[in-house]
Structures are given as C-alpha cells and as structure tokens.
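Scroll down for the structure; my scribbles are underneath it.
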Amino acid sequence: MKQTKSIILKVKDYSVSGEDFQLLENETYGFLETHPQPSNEKLPEYYKSEDYISHTDAKRNLFEKVYHLVRVYALNKKVALINSYVSSSKHVLDVGCGTGDFLSTAKKNGWQVSGVEPNEQAREIANKKTNNAVFNIEKLLEFKEASFNVITLWHVLEHLPNLEDHIKVFKKLLRPNGVLIIAVPNYKSYDAKHYKNFWAAYDVPRHLWHFNKTSIKNLVERFGFNLIKTKPMWFDAFYVSLLSEKYKTGKMNFLKGFFIGLVSNVKAIASKETSSLIYIIKKNE
C-alpha cells in the first residue's frame with residue numbers, strides 16, 4: 001500500500017498519550033490511515049487506560065452503567081443478526097472479543113464459540129464466561145481452514161495492523177458462503193463532520209484505519225468477498241458524541257452530546273450514514 005497520500009486531518013490521542021497524529025487518504029481503497037502508526041511492540045501501550053471500556057466490566061459511573069445497559073440490548077440484536085444467516089452447524093469466531101459478552105450470549109443461543117483477544121485482562125474475563133474458548137491473537141493462524149460459518153469483528157477491524165493479511169486469513173477460515181460481519185465507525189456521518197478532529201471515533205492511534213462504505217466495499221471485494229448489506233448502529237452516535245464533547249470542551253456535556261447524536265441519527269435516516277455501520281459480507285465461494 002505504498003503511494004503518495006494526502007493529509008486529510010490532524011488529530012490528537014485524547015485518552016492516553018496526548019500525542020498528535022495525521023489522517024492520510026489511501027487512494028487504493030478510500031479509507032483514511034493513521035500516521036505515524038505505532039510499531040506492534042509499542043501499540044499495546046496506547047491501550048493502557050482505565051477508561052478503555054471494552055477491556056473491563058467496570059460500572060464506576062452513570063456513563064459506564066448506561067453503556068452496559070445498552071450493550072445488553074445490542075448483544076441480543078447481534079446474535080439475532082447472525083441467527084438470520086445461519087440455521088445449522090453454528091460455529092462463530094469473534095475477533096477482538098473483549099470481555100466475551102457477545103460470545104457468551106451466542107453460546108446461550110446454541111452457537112459453538114471461539115474468540116481471539118490480545119488484551120490479557122480482557123481475555124481472562126472472557127474465558128470465565130465462555131469456558132476457556134478465547135485465545136491470544138496468534139491463534140488466528142492455528143485454526144483449521146473453513147472452521148467457521150460466521151466471523152465477527154465488532155469495532156475491531158480498525159484496530160488491526162497488516163489489514164490485508166487479516167482479510168486473507170478471515171477468507172481462509174470461513175466456510176463456503178460463510179458470512180463476515182464487520183462493524184466500524186463511519187467518518188462520513190454527521191457527528192464525524194460536526195466534531196472534526198475532536199470526533200472520538202477517530203481514537204488515534206488505536207484506530208489505525210478509518211472507513212466509509214466505499215472503502216469497505218473496495219477492500220472486501222479485492223479479496224473475494226461480496227458486500228451484501230449494511231445496517232445502522234443507532235446507539236453509537238450518542239456514545240461517540242458524548243465522548244467528543246468531552247474532548248472538545250473538557251467536560252461530559254450530556255445534553256449537548258445527546259442532541260448531536262440525535263441530529264446525526266435523524267440525518268442518517270435519509271443519508272444512511274450513521275455514526276457506525278454493520279457490514280454483512282459473504283465469501284464468494
């Protein structure tokens with residue numbers, strides 16, 4: 001992916017390091033790249049924050065309690081989604097499974113579950129919920145070919161280095177006509193355009209890539225997949241806008257954040273550009 005890249009935006013890591021980064025346009029696919037990208041050795045340092053909510057089950061304040069309440073509803077919707085594409089021989093791999101709540105919910109709904117999670121603390125929590133079905137990221141290369149009907153990445157693809165190599169691995173692990181489900185932030189949404197460099201879903205440098213619909217389509221089709229459907233993630237606009245307000249003003253302005261999230265969702269009814277999108281992608285053979 002070597003090419004001349006244009007600087008689209010300058011952004012800051014507001015949650016851990018305070019360092020500045022650039023977003024560069026990838027002309028091959030159409031997504032934005034975080035620059036400079038931390039080395040694989042240094043990248044884990046940027047996740048060392050008590051506020052990184054997907055790595056804990058913390059409910060320390062109202063914000064985290066509401067997050068977990070919404071997550072219970074969202075988990076059931078996610079399992080209903082994968083159920084709609086697979087009715088038998090239900091094997092799912094969740095990449096970047098965090099503390100394992102999606103896998104736990106899927107297991108209760110009759111799925112055989114596996115997960116990979118690089119964060120040791122999150123992995124330990126997940127294994128208590130899944131009877132030790134969660135492994136370190138190296139396990140991706142050890143699963144047998146065509147092991148899964150469904151592979152899910154819930155806000156994970158944007159974190160993965162060696163992006164093209166990972167897409168190839170997912171293709172290998174999926175069975176014929178298997179389904180790849182990817183949820184990622186959408187930098188074409190209203191809340192992204194409103195908050196610009198303060199938009200929390202840029203989350204540099206943990207988010208290495210920043211997608212829109214066209215870039216996801218370009219990426220997956222290059223590696224033998226077919227994008228068949230997109231679905232909105234309505235709650236993300238509120239969560240992201242609340243964090244964006246904090247980054248912009250230094251305080252959690254619930255009313256303003258909720259209002260911008262609401263405006264973003266109203267505009268997305270016509271534009272179909274919600275703060276985050278779920279992409280349902282099928283293996284071509």
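Condition check ((1) within 16 Å of Ala183 (Cα to Cα); (2) of a type outside the set (Val, Ile, Thr)) across all residues:
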residue	(1), (2)
Lys78	yes, yes
Leu81	yes, yes
Lys90	no, yes
Leu103	yes, yes
Asn109	no, yes
Val113	no, no
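May I ask you to list pairs of residues, at least six apart or on different chains, whose Cβ atoms are under 8 Å apart, with the first in the range 109-125 being touching a residue at least 12 places away in the same chain (Cβ under 8 Å) and of a type in the set (Asp, Glu) and the second being surrounded by fewer than 20 Cβ atoms within 10 Å (Cβ to Cβ) and part of a helix (DSSP H, G or I)?
Glu117/Ile137
Looking only at residues that are over 17 Å from the mean Cα position of the chain (by Cα) and basic (Lys, Arg) in the range 230-262, which one is farthest from Leu180 (Cα to Cα)? If you could, list the steps in order and put the result at the bottom.
Taking the range 230-262 as the starting set, the residues that turn out to be over 17 Å from the mean Cα position of the chain (by Cα) are 242, 244-262.
Now restrict to residues that are basic (Lys, Arg): 246, 248, 251, 256.
Details: Lys246: 34, Lys248: 35, Lys251: 38, Lys256: 35 Å.
Applying the filter and picking the extreme gives Lys251.
Hey, among the residues in the range 168-196 that are outside any helix (DSSP H, G or I) and of a type in the set (D, E, K, R), which one's modelled with the lowest pLDDT?
Arg175
Scan the range 91-100 for residues that are at pLDDT below 95 and either surrounded by fewer than 18 Cβ atoms within 10 Å (Cβ to Cβ) or over 21 Å from Val169 (Cα atoms) (or both) and jot them down. First the steps, then the outcome.
Start the filter on the range 91-100 by keeping residues that are at pLDDT below 95, which leaves 98-99.
The answer is Thr99, and nothing else.
Of everything in the range 190-231 that's closer than 26 Å to Pro38 by Cβ and small (Gly, Ala, Ser), which residue is surrounded by the fewest Cβ atoms within 10 Å (Cβ to Cβ)?
Here the answer is Ser215.
For the subset of the range 167-189 comprising residues that are surrounded by 21 or more Cβ atoms within 10 Å (Cβ to Cβ) and over 28 Å from Lys144 (Cα atoms), which member is farthest from the chain's Cα centre (by Cα)?
Ser189
How do the pairs read when you match residues in the range 223-238 that are touching a residue at least 24 places away in the same chain (Cβ under 8 Å) and under 24 Å from Leu75 (Cβ atoms) with residues anywhere that are charged (D, E, K, R) and assigned to a strand (DSSP E or B), using Cβ under 7 Å and keeping only pairs 6 or more apart or on different chains?
So the pair list comes out as Ile228/Lys282.
Given the condition modelled with pLDDT under 95 and within 24 Å of Lys10 (Cβ to Cβ), answer yes or no: does some residue in the range 253-262 qualify?
Scanning the range 253-262, I find at least one residue that is modelled with pLDDT under 95 and within 24 Å of Lys10 (Cβ to Cβ), so the answer is yes.
Within the range 10-41, track down each residue that is surrounded by 16 or more Cβ atoms within 10 Å (Cβ to Cβ), in a strand (DSSP E or B) and touching a residue at least 24 places away in the same chain (Cβ under 8 Å).
In the first step, residues of the range 10-41 are kept if they are surrounded by 16 or more Cβ atoms within 10 Å (Cβ to Cβ); the result is 11, 13-17, 21-26, 29-34, 38.
With the extra rule that they be in a strand (DSSP E or B), the set shrinks to 11, 21-25, 32-34.
Within the range 10-41, Val11, Phe21, Leu23, Leu32, Glu33, Thr34 meet the criteria.
For residues that are in a loop (DSSP other than H, G, I, E, B), touching a helix residue (DSSP H, G or I) at 6+ places or on another chain (Cβ under 8 Å) and either surrounded by fewer than 17 Cβ atoms within 10 Å (Cβ to Cβ) or among the aromatic types (Phe, Trp, Tyr) (or both), tally how many sit in the range 235-256.
Going through the range 235-256, the residues in a loop (DSSP other than H, G, I, E, B) turn out to be 235, 250-253.
Add one more test, that the residue is touching a helix residue (DSSP H, G or I) at 6+ places or on another chain (Cβ under 8 Å), and what stays is 235, 251-253.
Pick out the ones that are also either surrounded by fewer than 17 Cβ atoms within 10 Å (Cβ to Cβ) or among the aromatic types (Phe, Trp, Tyr) (or both) and you get 235, 251-252.
Residues in the range 235-256 being in a loop (DSSP other than H, G, I, E, B), touching a helix residue (DSSP H, G or I) at 6+ places or on another chain (Cβ under 8 Å) and either surrounded by fewer than 17 Cβ atoms within 10 Å (Cβ to Cβ) or among the aromatic types (Phe, Trp, Tyr) (or both): 3 in total.
So, in the range 129-161, of the ones that are within 17 Å of the chain's Cα centre (by Cα) and in a loop (DSSP other than H, G, I, E, B), which residue ends up surrounded by the fewest Cβ atoms within 10 Å (Cβ to Cβ)?
That would be Pro161.
Residue by residue through the range 187-244, note down the ones that are among the aromatic types (Phe, Trp, Tyr) and touching a Leu at 6+ places or on another chain (Cβ under 8 Å). Even if it seems obvious, please write down each step before you answer.
Quick first cut of the range 187-244, residues among the aromatic types (Phe, Trp, Tyr) only: 187, 190, 195, 198-199, 202, 209, 211, 223, 225, 234-235, 238-239.
Within the range 187-244, Tyr187, Tyr202, Trp209, Phe211, Phe225, Phe238 qualify.
Look at Glu164 and say whether it is more than 24 Å from Lys90 (Cβ to Cβ), surrounded by fewer than 21 Cβ atoms within 10 Å (Cβ to Cβ) and not small (Gly, Ala, Ser).
It is true that Glu164 is more than 24 Å from Lys90 (Cβ to Cβ), surrounded by fewer than 21 Cβ atoms within 10 Å (Cβ to Cβ) and not small (Gly, Ala, Ser).
Six or more apart or on different chains, Cβ atoms under 6 Å: show the pairs whose first residue is in the range 258-272 and touching a residue at least 40 places away in the same chain (Cβ under 8 Å) and whose second is of a type in the set (A, V, I, L, M, F, W, C).
Close Cβ pairs satisfying both conditions: Gly261/Ala237; Gly261/Phe238; Ser264/Ala237.
Tell me which residues, restricted to the range 179-205, are among the acidic types (Asp, Glu) and more than 17 Å from Leu24 (Cβ to Cβ).
Scanning the range 179-205 gives a single hit, Asp191.
Among the listed residues Ile82, Ile53, identify the single one that is modelled with pLDDT under 95 and crowded, with 16+ Cβ neighbours inside 10 Å.
Being modelled with pLDDT under 95 and crowded, with 16+ Cβ neighbours inside 10 Å holds for just one of Ile82, Ile53, which is Ile53.
The values are calculated or read from the model by the stated rules, or taken from the named source; none is laboratory data. The structure displayed is predicted, hence computed values, not measured ones. Virtual Cβ from ideal backbone geometry, glycine too; neighbours counted across all protein chains shown.
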